[in-house]
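Student: Handing you a structure now.
The values are calculated or read from the model by the stated rules, or taken from the named source; none is laboratory data. Fair warning: this is a prediction, and the values are worked out from it, not measured in the lab. Note: ideal-geometry Cβ built from the backbone for every residue, glycine included; neighbour counts use all protein chains shown.
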Amino acid sequence: MNALSLHKKAEEARESEDFTKALTLCDQALVEYQKEGNVAGFAEVLSSKVLTLRHLYEQTADQKYIILAKHIAKASVEIAQKGDDPKALAIPLFNLGKTQQTLGEYTDAIENIKEAIANLMQNPPPHHNRPSVVLDMTLHLSVCEYKNGDKSALERAEKALLDLAAAEEDQYEKDVWLSGGYIEIAEMLRADDPQKAKEALQRAKELIDANPKLILRKKQLEKVSALL
């Protein structure tokens, strides 16, 4: 099986909550990407591994998973930087930023997500060269800026959600990003504006209820709902 096929199967396993299989497939894809000389693929499958570890952290609250995720994310960025393909950098930078967001390291997260957006627009990787990808990054950036003290970022986050809802995108991918965005906004507003937080959570619930494939999002929804 080639690297891309293994990579896709790793993504499917992660979304199905088979995290052990997802991690194993990521490692198998790494070996195949190295054989192919595909630096972008090598760095991106490390990013996929980071996402799996972040989900394990969310479900177990075990700090070891998020610490490991952070350092693998940094490795994926360094590998992409040392390669000869500028299109390899945006996704690793974005996933490092999201991991730093999870850790509450908002200043670093903002810096890396901004760099990811700039890199994506200047050197778009073929599989991510879509306006919706920029919008998803912008949404995460706005959440980090809000949590870092810039309350005007709420307006930017809401606009990114509206634009993302109107974008042409695979429905599953769109539902993942939109539901995740509403959950992020609900979590960040739970102290500042509980009513608006509940409204955002309801929007997320509607998306999740309509799409049974959103298994991981449903668990995230339940976790944030318990806080409101």
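Student: Here are the criteria: (1) more than 26 Å from Glu17 (Cβ to Cβ); (2) in contact (Cβ under 8 Å) with a residue 40 or more places away in the chain; (3) touching a Phe, Trp or Tyr at 6+ places or on another chain (Cβ under 9 Å). Tell me which single one Pro125 does not satisfy.
Tutor: Exception for Pro125: condition (3).
Student: Okay, moving on. Go through the stretch 112-136 and give me each residue that's surrounded by fewer than 17 Cβ atoms within 10 Å (Cβ to Cβ) and either in contact with a Cys (Cβ under 6 Å, 6 or more places away or on another chain) or outside any loop (DSSP other than H, G, I, E, B) (or both).
Tutor: Residues satisfying the conditions are Ala118, Met121, Gln122, Pro126, His127, Pro131.
Student: Is it true that some residue in the stretch 57-65 is assigned to a helix (DSSP H, G or I) and among the hydrophobic types (A, V, I, L, M, F, W, C)?
Tutor: Within the stretch 57-65, none of the residues are assigned to a helix (DSSP H, G or I) and among the hydrophobic types (A, V, I, L, M, F, W, C).
Student: Taking the stated definitions as given, is Ser5 closer than 22 Å to Pro125 by Cα and either touching a residue at least 12 places away in the same chain (Cβ under 8 Å) or hydrophobic (A, V, I, L, M, F, W, C) (or both)? Full working, then the answer.
Tutor: Values: closer than 22 Å to Pro125 by Cα: yes; either touching a residue at least 12 places away in the same chain (Cβ under 8 Å) or hydrophobic (A, V, I, L, M, F, W, C) (or both): no.
So Ser5 fails the test.
Student: Would you be able to tell me the number of residues in the stretch 105-119 that are without any contact (Cβ under 8 Å) to a residue 12 or more places away in the chain and over 13 Å from Leu141 (Cβ atoms)?
Tutor: The qualifying residues number 1.
Student: Then there's this: Among the residues in the stretch 152-161, are any outside the structural domain of Ser179 (by TED's automatic domain parsing) and among the hydroxyl-bearing types (Ser, Thr, Tyr)?
Tutor: Narrowing the stretch 152-161 to residues outside the structural domain of Ser179 (by TED's automatic domain parsing): none.
No, that holds for no residue.
Student: Hey, another quick one. Let me confirm something: among Ala160, Ala204, which residue is in contact with a Leu (Cβ under 6 Å, 6 or more places away or on another chain), farther than 19 Å from Val134 by Cβ and not in a loop (DSSP other than H, G, I, E, B)? Working first, answer last.
Tutor: Values: Ala160 fails: farther than 19 Å from Val134 by Cβ.
Exactly one residue qualifies, and that residue is Ala204.
Student: Being over 25 Å from Lys151 (Cβ atoms), outside the structural domain of Glu15 (by TED's automatic domain parsing) and at pLDDT below 95, is that true of even one residue in the stretch 187-195?
Tutor: no
Student: Filter the stretch 1-56 for residues that are part of a helix (DSSP H, G or I) and polar (S, T, N, Q) and give the result.
Tutor: Within the stretch 1-56, Ser5, Thr20, Thr24, Gln28, Gln34, Ser47, Ser48, Thr52 qualify.
Student: Across the stretch 75-104, what is the number of residues that are more than 23 Å from Glu184 (Cα to Cα) and either touching a residue at least 60 places away in the same chain (Cβ under 8 Å) or surrounded by fewer than 20 Cβ atoms within 10 Å (Cβ to Cβ) (or both)?
Tutor: Kept after step one, since they are more than 23 Å from Glu184 (Cα to Cα), are these residues of the stretch 75-104: 75-89.
Next, only the ones that are either touching a residue at least 60 places away in the same chain (Cβ under 8 Å) or surrounded by fewer than 20 Cβ atoms within 10 Å (Cβ to Cβ) (or both) stay: 75, 78-79, 81-86.
Qualifying residue count for the region: 9.
Student: Checking the structure you have, find out if any residue of the stretch 161-171 is touching an Asp or Glu at 6+ places or on another chain (Cβ under 8 Å), at pLDDT 90 or above, of a type outside the set (A, V, I, L, M) and closer than 26 Å to His127 by Cβ.
Tutor: No.
Student: Name the pairs: first residue in the stretch 36-52 and in the same structural domain as Leu25 (by TED's automatic domain parsing), second residue assigned to a loop (DSSP other than H, G, I, E, B), Cβ to Cβ under 6 Å, at least 6 apart or on different chains?
Tutor: Val39/Gly83; Val39/Asp85; Ala40/Asp85
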